[in-house]
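Below is one structure; the comments refer to it alone.
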Amino acid sequence: MDQVVRDVASLIKGKNEKMIIGISGHGASGKTTFAQSLINVLGKEKTNYINTDPYIVDSELRKNTLMSYEYNGRLHESKVTACHPAAHNRYALERDIQMIKKSLDFYTIGTSYSKSILISSKKQINIIEGMSVAFTDLSLYDLKIYLYTDGETELVRRSERDVFERGMDLNYLRRTHQERRIQYNVFMHELHKDFDIVIKNSNDNYMLKKGK
C-alpha cells in the first residue's frame, strides 16, 4: 500500500493547486486506511478531511425498509444497505463540497461517534472519503479513487471492526453478509468505472487496476 499511497501523493503534489479528492468503495474496502495514509504523506496541516459516514441514513431506518431487486436471474428482497444510493444523503454532501469550491469555511456534521470539525478554506487539499462519494456527482471531484476487495476479505475485516468496535452480533453479520455483497454488485460496483484510480486490495497486497 505504501508505494500506491506515495504515487497518488506525488500526483496530487504535482498539481500545486486546490484539489477536492473523492475516495470511495464498499464497506471494509480499505478506503479509510488509504485516506489516512494519504493524509499523513500530504501533511495534516495542508489537508481537510471529511468522512461521509454522517451522510448515511440511520441504520434503524434502513433495517425497516425493504426493497426488491434481481441478481443472476433471481428476485431478492432485503433491507436497504449502505451499498444502495437511497441510503445516502448525497445532496447534503454535494452542498458541502460546493462550499469547499466556493472557498467557504464550515463545520462538518457532528454525530455521537464523530465530532464536528472545521473545514478551512486556507487548506489546499480536501479529501472526502466514504461510500457516499460514489453516489454523488463525480464531476465535483478533481481526483476520484475507488477501492474494493473480495467478499471473504470484507467479511474478515467487518468481523474485526463491526463486532469488536461497534458491538454488532457476529452471527447477524455472517447471516447478512452475502446479501450485502449482492446489493454491492447490483447497485455500486459498476460505478468504479467512472473513477480515475481503482485499487483492488486484500490483507496481503494492493493492486492498481486503473490509474492516471
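Before moving on, here are some points about what is shown:
- Whichever residue in segment 1-25 is of a type in the set (Gly, Ala, Ser) and within 17 Å of residue 128 (Cβ to Cβ) and, among such residues, is surrounded by the most Cβ atoms within 10 Å (Cβ to Cβ): 25
- Residues in segment 81-100 that are open to solvent by less than 70 Å² (accessible area, probe 1.4 Å) and basic (Lys, Arg): 90 only.
- Segment 32-81, residues that are in a helix (DSSP H, G or I), of a type in the set (A, V, I, L, M, F, W, C) and closer than 20 Å to residue 189 by Cα: 34, 35
- Whichever residue in segment 34-80 is β-branched (Val, Ile, Thr) and either open to solvent by 30 Å² or more (accessible area, probe 1.4 Å) or modelled with pLDDT under 95 (or both) and, among such residues, is farthest from residue 21 (Cα to Cα): 65
- Residue 172 crowded, with 19+ Cβ neighbours inside 10 Å and not in a loop (DSSP other than H, G, I, E, B): no
- Selection status of residue 179, in contact (Cβ under 8 Å) with a residue 60 or more places away in the chain and open to solvent by 10 Å² or more (accessible area, probe 1.4 Å): yes
- Conditions (1) farther than 27 Å from residue 59 by Cα; (2) surrounded by fewer than 16 Cβ atoms within 10 Å (Cβ to Cβ); (3) modelled with pLDDT of 95 or more: number failed by residue 196: (2)
The values are calculated or read from the model by the stated rules, or taken from the named source; none is laboratory data. Only a predicted model underlies this, so the values are computations on that prediction, with no experimental measurement involved. Virtual Cβ from ideal backbone geometry, glycine too; neighbours counted across all protein chains shown. Ligands, DNA and RNA are stripped out before the accessible areas are found, and what is left, the full protein with its side chains, is counted by its heavy atoms. Shrake-Rupley method; radii C 1.70, N 1.55, O 1.52, S 1.80 Å.
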